[in-house]
2 protein chains.
Amino acid sequence: MPNSLAFIGLGVMGEPMAGHLLAAGNSLVVNTRTKAKASGLLARGARWAESPEDATKVADVVFICVTDTPDVQKVVLGESGVLRAARQGMIVVDHSTISPSATRRIADEVSKRGAQFLDAPISGGDVGAKNATLAIMVGGDRAAFDRVEPLLRVMGKTITWCGPSGAGQLTKLVNQILVSVNNMAVCEALTFAKKNGLDLEKTIAAVGAGAAGSWQLANLGPKMIAGDFRPGFAIDLQQKDLKLILAAAYEARLATPAASLVHQLFNSAQAAGSGKEGTQALVKVFEKLAI
Amino acid sequence: MPNSLAFIGLGVMGEPMAGHLLAAGNSLVVNTRTKAKASGLLARGARWAESPEDATKVADVVFICVTDTPDVQKVVLGESGVLRAARQGMIVVDHSTISPSATRRIADEVSKRGAQFLDAPISGGDVGAKNATLAIMVGGDRAAFDRVEPLLRVMGKTITWCGPSGAGQLTKLVNQILVSVNNMAVCEALTFAKKNGLDLEKTIAAVGAGAAGSWQLANLGPKMIAGDFRPGFAIDLQQKDLKLILAAAYEARLATPAASLVHQLFNSAQAAGSGKEGTQALVKVFEKLAI
């Protein structure tokens, strides 16, 4: 018997993820803000629901993939939200990257209805979503995780249960500290190299294989050199995640000076109109600092 | 006919490097501040010289591996220094990490005697020196580089000619920006994870294979978790290199906010007595900031 699933939020990540669940033979109902974005899935056999509530009524597992904390709050707790149809034994899986503490409050509300809420933010970008190679970091009830893990394996490659509710979001924020600070390192290092007259390709070849190596250097370094600022991951989204990091650090009374610095420098990138560009466009801020 | 080589500075890096040159069948004369450090090489057939000048007299290629700018200036330009015996056709190869602009001034002095001075700083630590897997970043005359390249291949694996005099040092400083800022990212990310109650091994496993991945995370992250602060690369040396970066940035009127921040945080690590510990001990500064 196929699983009865719902998917809410068919953006650049959600649409291909829902497609994998459909292709695996599951029964799928979808809802998203702009119905046109569902057309491909509807043509392939998914059914449309008019609201998150309606989608939840017919599903045992509800996946959510929207942008920020208020979006998830609206989809779950709002009028015609998931919570209204939540019931014993069903599971909500949130793939959005949002506040860990807000996540725990939402999960509490859902559990009052006898259902489970798992935070399951993703990493790997649109390419990872299309190729089902996402990393999925999951927090919440372990038994609920075990039940949905086979479905997560249809959409991702590295599936990790990180701990109780919020642990998936916290792990994603750890990921984003590393990603954004390593990117800042590449921007600063290549600007230092360029302004000192070094050949940039040769420089990356000389240092990239050793202790200076990183995913950010290997993947974004060449784009910076080529002036290719098309988004793999947009600065506006990176800033949203950095704001979550700074808020979570404040809640825990933690100092995160490096994330704070890169957030400030991205403010400048956004001021210059680079918000929709990829995070590698941060290099333009460093270059401007050297003029 | 074997090459006539000299090696000046038999520290934790220089001693094994000189050993590789000797093992390759070259004639080798050595000089270092503390003669006892030469005993192993002397027992294997190297000869002792009383000064850099004396060592240079009998060598076609002189290798130097000391600590900082003033050390190289003393070895080359000082009393009984290399310069006094420098002559047409000989080559000086400096493996120390020192100021790029001071390097160019030393190279100018050496070239006035008809000799060539190559800056050739190394990366890869004591393990790289022992296993001859160092990265060697070379600046200076291309023809001189071509002549010594076979000798460099005896000591290292990734040998790169980076450009004119100083380009090797500048490339090494690019390397150190990346190394130190990536390390800061790991310290901040793991402290964020720890104070928020995440399982640290699991966290690294969840994020390390993707866009957050780096050599620093893979190699220093587990040491931070284990509380193993033994030096692969000591904080005191990292600080020396960061001072070179900040000075070179000032000379070029470049802003390096990330390197500046990590330098400040290492000041605190040194204040706490961690100077001789490995750079991963920076995590203790982040932990203290969260108490």
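The values are calculated or read from the model by the stated rules, or taken from the named source; none is laboratory data. From a predicted model like this one, the values you see are computed outputs, not experimental measurements. Cβ coordinates were reconstructed from backbone atoms using ideal geometry, including for glycine residues, and neighbour counts include every protein chain displayed. Quick note on the areas: whole protein, heavy atoms, side chains included, nothing else; ligands and nucleic acids left out. Shrake-Rupley method; radii C 1.70, N 1.55, O 1.52, S 1.80 Å.
Quick notes on this one:
- Of all the numbered requirements in (1) more than 9 Å from chain B (Cβ to nearest Cβ); (2) in contact with a Ser or Thr (Cβ under 7 Å, 6 or more places away or on another chain); (3) more than 30 Å from A:PHE63 (Cβ to Cβ), A:THR203 misses one, and that requirement is (1).
- Note on segment B:240-258: among residues that are within 20 Å of the chain's Cα centre (by Cα), in contact (Cβ under 8 Å) with a residue 24 or more places away in the chain and closer than 29 Å to A:ILE291 by Cβ, the one that is surrounded by the most Cβ atoms within 10 Å (Cβ to Cβ) is B:ILE245.
- Matching residues, segment B:264-279, being free of Cβ contacts under 8 Å to residues at least 40 places away in the same chain and part of a loop (DSSP other than H, G, I, E, B): B:ALA272, B:GLY273
- Segment B:174-196: number of residues that are over 30 Å from B:ALA248 (Cα atoms) and either more than 7 Å from chain A (Cβ to nearest Cβ) or out of contact with any Pro (no Cβ under 9 Å at 6 or more places or on another chain) (or both): 6
- Flag for A:GLY125 being more than 27 Å from B:VAL138 (Cβ to Cβ), open to solvent by less than 10 Å² (accessible area, probe 1.4 Å) and not assigned by TED's automatic domain parsing to the domain that holds A:PRO257: no
- Failed item in (1) open to solvent by less than 10 Å² (accessible area, probe 1.4 Å); (2) more than 7 Å from chain A (Cβ to nearest Cβ); (3) small (Gly, Ala, Ser), with B:ALA271 passing the rest: (1)
- Matching residues in segment B:152-166 - criterion: being more than 7 Å from every other protein chain (Cβ to nearest Cβ) and not in a helix (DSSP H, G or I): B:GLY156, B:LYS157, B:ILE159, B:TRP161, B:PRO164, B:SER165, B:GLY166
- Looking at A:VAL72, A:VAL148, A:VAL76, A:VAL92, just one residue is in contact with a Leu (Cβ under 6 Å, 6 or more places away or on another chain) and closer than 28 Å to B:ALA193 by Cβ, and that residue is A:VAL76.
- The residues listed here are B:ALA185, B:ALA206; of these, the one that is more than 17 Å from A:LEU220 (Cβ to Cβ), assigned to a helix (DSSP H, G or I) and either within 30 Å of the chain's Cα centre (by Cα) or not polar (S, T, N, Q) (or both) is B:ALA206.
- Yes/no for B:GLN169 being farther than 30 Å from A:ASN175 by Cβ, in contact (Cβ under 8 Å) with a residue 24 or more places away in the chain, part of a helix (DSSP H, G or I) and within 11 Å of chain A (Cβ to nearest Cβ): yes
- Of all residues making up segment B:12-46, the number that are within 17 Å of B:GLY156 (Cα to Cα) and at pLDDT 95 or above: 14
- Residues in segment B:1-17 that are more than 20 Å from B:THR67 (Cα to Cα) and open to solvent by 10 Å² or more (accessible area, probe 1.4 Å): 4 in all.
- Residue check, A:LEU261 open to solvent by 10 Å² or more (accessible area, probe 1.4 Å), in a helix (DSSP H, G or I) and more than 7 Å from chain B (Cβ to nearest Cβ): no
- Test: residue in segment A:209-228 that is closer than 28 Å to B:ALA290 by Cα, touching a helix residue (DSSP H, G or I) at 6+ places or on another chain (Cβ under 8 Å), within 13 Å of chain B (Cβ to nearest Cβ) and assigned to a helix (DSSP H, G or I): yes
- Criterion applied to A:VAL82, A:VAL92, A:VAL127, A:VAL62 was being under 24 Å from A:ILE177 (Cβ atoms) and either at pLDDT 95 or above or of a type outside the set (Asp, Glu) (or both), and the one residue passing it is A:VAL127.
- Filtering segment A:191-206 for residues that are open to solvent by 50 Å² or more (accessible area, probe 1.4 Å), under 30 Å from B:LEU244 (Cβ atoms), in contact (Cβ under 8 Å) with a residue 24 or more places away in the chain and of a type in the set (A, V, I, L, M, F, W, C) leaves an empty set.
- Selection count, segment A:1-17, where residues are touching a residue at least 60 places away in the same chain (Cβ under 8 Å) and either outside any helix (DSSP H, G or I) or of a type in the set (Phe, Trp, Tyr) (or both): 6
- Among the residues of segment B:160-169, the ones that are open to solvent by 10 Å² or more (accessible area, probe 1.4 Å) and under 16 Å from A:LEU200 (Cα atoms) come to 4 in all.
- Within segment B:123-145, restricting attention to residues that are over 23 Å from B:LEU242 (Cβ atoms) and assigned to a loop (DSSP other than H, G, I, E, B), the residue that is farthest from the other protein chains (Cβ to nearest Cβ) is B:ASP141.
- B:VAL148 vs. criteria open to solvent by less than 10 Å² (accessible area, probe 1.4 Å), within 9 Å of chain A (Cβ to nearest Cβ) and either modelled with pLDDT of 95 or more or not in a helix (DSSP H, G or I) (or both): no
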